[in-house]
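J.: Submitted below is the structure of interest, expressed as structure tokens.
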Amino acid sequence: MQNNDEKPTPAIIGMLTPSSNTVVEPYTSALAWPLFPDVSIHFGRFRVRRIALDGASDRQFSLEPILQAADLLMDAKPDILAWNGTSASWLGFETDEKLCTILRERFDVRATSAVLSLNRLLERFGVRRLGLVSPYTADVQEKIIDNYRKIGIETVAEAHSNRSDNFSFSEVGEDDIAKMCRDVSHGKPDAIVILCTNMRGPMIAADLEKELGIPVMDSVAFTLWGCLHELGIPTQRLERFGQIFA
């Protein structure tokens, strides 16, 4: 048992991310910096290069490479593992539920994901009218919209960059992302979601919330929120980054 005079043991968060993602690591570290050294974030990668609705793309998200990456990351003794990618939004939410169950059972560790964290926040904020911003192609976007429709959330406005190369998602600039958010805000959604963990939304979400008057939920931010929520770590020190942390 910990003595009251001892410092608390730092929380270690492990995140799994696509190999071609250049946003997750630096932006998550920037968001979490106010919590350091009480919380540290560590990363593992598996190969993902392209997002599309076909078998070759889907196979990138098969369990074996994800579990291999998780096995290596477990050497760092994380308190939680998070899949920091949004594939379940088009493949189906059950894919992340299954992955997290396997991670818990195989590694005896807490587990969550970007999409499962987002869905908790949508419920918490009572979102039924969604504004969706992503870098994806139209058919991927439509699949995401359909999956949210099935759980009672209607996408009232959307904007997408029509890209499939995963690395290129990071090349969509903050000004372009902000414009997409402003455009979908005209549909009067309850909240706007920037859906892609390789999109540069984390540092502009809070300012957009103030401008538009609604929550703007960025994928990198809500994955971090999900980990902190699962670990019972207060998030108020991060409220400058958006309403989800307040």
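The values are calculated or read from the model by the stated rules, or taken from the named source; none is laboratory data. From a predicted model like this one, the values you see are computed outputs, not experimental measurements. Cβ atoms come from the backbone with ideal geometry, glycine included; neighbour counts cover every protein chain shown.
J.: Tell me yes or no: at least one residue of segment 204-219 is more than 20 Å from ASN119 (Cβ to Cβ) and in contact with an Asp or Glu (Cβ under 8 Å, 6 or more places away or on another chain). Quick ask: steps written out before the conclusion?
T.: Keep residues of segment 204-219 that are more than 20 Å from ASN119 (Cβ to Cβ), which gives 204, 206-208, 210-213.
Remaining after also requiring in contact with an Asp or Glu (Cβ under 8 Å, 6 or more places away or on another chain): 204.
Checked segment 204-219: at least one residue is more than 20 Å from ASN119 (Cβ to Cβ) and in contact with an Asp or Glu (Cβ under 8 Å, 6 or more places away or on another chain).
J.: Something else about it: Would you please name the residue that is surrounded by the fewest Cβ atoms within 10 Å (Cβ to Cβ), looking only at residues in segment 153-163 that are of a type outside the set (D, E, K, R) and over 17 Å from GLY187 (Cβ atoms)? It would help to see each step written out before you state the result.
T.: Applying the first criterion (of a type outside the set (D, E, K, R)) to segment 153-163 yields 153, 155-157, 159-162.
This time we only want the ones that are over 17 Å from GLY187 (Cβ atoms), so: 161-162.
Numbers: SER161: 20, ASN162: 11.
Restricting to residues being of a type outside the set (D, E, K, R) and over 17 Å from GLY187 (Cβ atoms), the top hit is ASN162.
J.: Something else: Could you identify the single residue in ARG128, ARG149, ARG124 that is surrounded by fewer than 21 Cβ atoms within 10 Å (Cβ to Cβ), of a type in the set (Lys, Arg) and under 18 Å from the mean Cα position of the chain (by Cα)?
T.: On the way: ARG128 fails: under 18 Å from the mean Cα position of the chain (by Cα); ARG149 fails: under 18 Å from the mean Cα position of the chain (by Cα).
One residue alone meets the criteria, ARG124.
J.: Among VAL39, VAL48, VAL109, VAL115, which is buried (at least 23 other Cβ atoms within 10 Å of the Cβ), of a type in the set (A, V, I, L, M, F, W, C) and either modelled with pLDDT of 95 or more or not assigned by TED's automatic domain parsing to the domain that holds LYS150 (or both)? It would help to see each step written out before you state the result.
T.: Working: VAL39 fails: buried (at least 23 other Cβ atoms within 10 Å of the Cβ); VAL48 fails: buried (at least 23 other Cβ atoms within 10 Å of the Cβ); VAL109 fails: buried (at least 23 other Cβ atoms within 10 Å of the Cβ).
Going through VAL39, VAL48, VAL109, VAL115 in turn, the sole match is VAL115.
J.: Determine whether segment 147-154 contains at least one residue that is in contact with a Ser or Thr (Cβ under 8 Å, 6 or more places away or on another chain), under 30 Å from ALA70 (Cβ atoms) and not assigned by TED's automatic domain parsing to the domain that holds PRO65.
T.: Our first condition is that a residue be in contact with a Ser or Thr (Cβ under 8 Å, 6 or more places away or on another chain); within segment 147-154, this holds for 147-149.
Checking which are under 30 Å from ALA70 (Cβ atoms) leaves us with 147-148.
Those still in the list that are not assigned by TED's automatic domain parsing to the domain that holds PRO65 too: 147-148.
Yes.
J.: Turning to a different aspect of this structure: Being of a type in the set (Val, Ile, Thr) and assigned by TED's automatic domain parsing to the domain that holds ASN84, is that true of even one residue in segment 224-246?
T.: Here is the first cut: in segment 224-246, the residues of a type in the set (Val, Ile, Thr) are 233, 235, 244.
Still in the running and assigned by TED's automatic domain parsing to the domain that holds ASN84: 233, 235.
The answer is yes; a qualifying residue exists.
J.: Take the conditions of a type outside the set (Val, Ile, Thr) and closer than 25 Å to GLY173 by Cβ and apply them to GLY131. Does it pass?
T.: Working: of a type outside the set (Val, Ile, Thr): yes; closer than 25 Å to GLY173 by Cβ: yes.
Spelling it out, GLY131 is indeed of a type outside the set (Val, Ile, Thr) and closer than 25 Å to GLY173 by Cβ.
J.: Still on this structure, please answer the following. Taking the condition of being closer than 30 Å to ALA138 by Cβ and in contact with a Cys (Cβ under 6 Å, 6 or more places away or on another chain), how many residues in segment 68-85 meet it?
T.: The total comes to 1.
J.: Would you check if there is a residue in segment 70-82 being free of Cβ contacts under 8 Å to residues at least 40 places away in the same chain, out of contact with any helix residue (DSSP H, G or I) (no Cβ under 8 Å at 6 or more places or on another chain), closer than 19 Å to PHE222 by Cβ and among the acidic types (Asp, Glu)?
T.: To start, the set of residues in segment 70-82 that are free of Cβ contacts under 8 Å to residues at least 40 places away in the same chain comprises 71-72, 75.
Within this subset, residues satisfying the condition of being out of contact with any helix residue (DSSP H, G or I) (no Cβ under 8 Å at 6 or more places or on another chain) are 72, 75.
Imposing the further condition that a residue be closer than 19 Å to PHE222 by Cβ reduces the set to none.
No: zero hits.
J.: Output the residues belonging to segment 182-206 that are in a helix (DSSP H, G or I) and either crowded, with 24+ Cβ neighbours inside 10 Å or free of Cβ contacts under 8 Å to residues at least 12 places away in the same chain (or both). I'd like the intermediate steps shown before the answer.
T.: Here is the first cut: in segment 182-206, the residues in a helix (DSSP H, G or I) are 182-185, 205-206.
Across segment 182-206, the qualifying residue is only ALA205.
J.: All but one of (1) of a type outside the set (Asp, Glu); (2) assigned to a helix (DSSP H, G or I); (3) modelled with pLDDT of 95 or more hold for SER168; state the number of the condition that does not hold.
T.: All conditions are met except number (3).
J.: Something else now. Based on what the data block shows, is ASN162 in the same structural domain as VAL193 (by TED's automatic domain parsing) and polar (S, T, N, Q)? Working first, answer last.
T.: Numbers: in the same structural domain as VAL193 (by TED's automatic domain parsing): yes; polar (S, T, N, Q): yes.
Judged against the criteria, ASN162 is a match.
J.: Exactly one condition in (1) crowded, with 19+ Cβ neighbours inside 10 Å; (2) within 22 Å of GLU230 (Cβ to Cβ); (3) touching a residue at least 24 places away in the same chain (Cβ under 8 Å); (4) under 16 Å from the mean Cα position of the chain (by Cα) is false for LEU103; which is it?
T.: (4)
J.: Only residues that are β-branched (Val, Ile, Thr) and in contact with a Leu (Cβ under 6 Å, 6 or more places away or on another chain): list them for segment 141-177, please. Lay out the reasoning, then the answer.
T.: Of all residues in segment 141-177, those β-branched (Val, Ile, Thr) come to 144-145, 151, 153, 155-156, 172, 177.
Across segment 141-177, the qualifying residues are ILE153, THR155.
J.: Let me ask you something else. Is it true that some residue in segment 222-230 is in contact (Cβ under 8 Å) with a residue 12 or more places away in the chain, of a type outside the set (S, T, N, Q) and under 24 Å from SER185 (Cα atoms)? Give the derivation first.
T.: The initial filter retains those residues of segment 222-230 that are in contact (Cβ under 8 Å) with a residue 12 or more places away in the chain, namely 222-230.
Going one step further and asking which of them are of a type outside the set (S, T, N, Q), we end up with 222, 224-230.
From the residues that got through so far, the ones that are under 24 Å from SER185 (Cα atoms) too are 222, 225.
Looking through segment 222-230, at least one residue is in contact (Cβ under 8 Å) with a residue 12 or more places away in the chain, of a type outside the set (S, T, N, Q) and under 24 Å from SER185 (Cα atoms).
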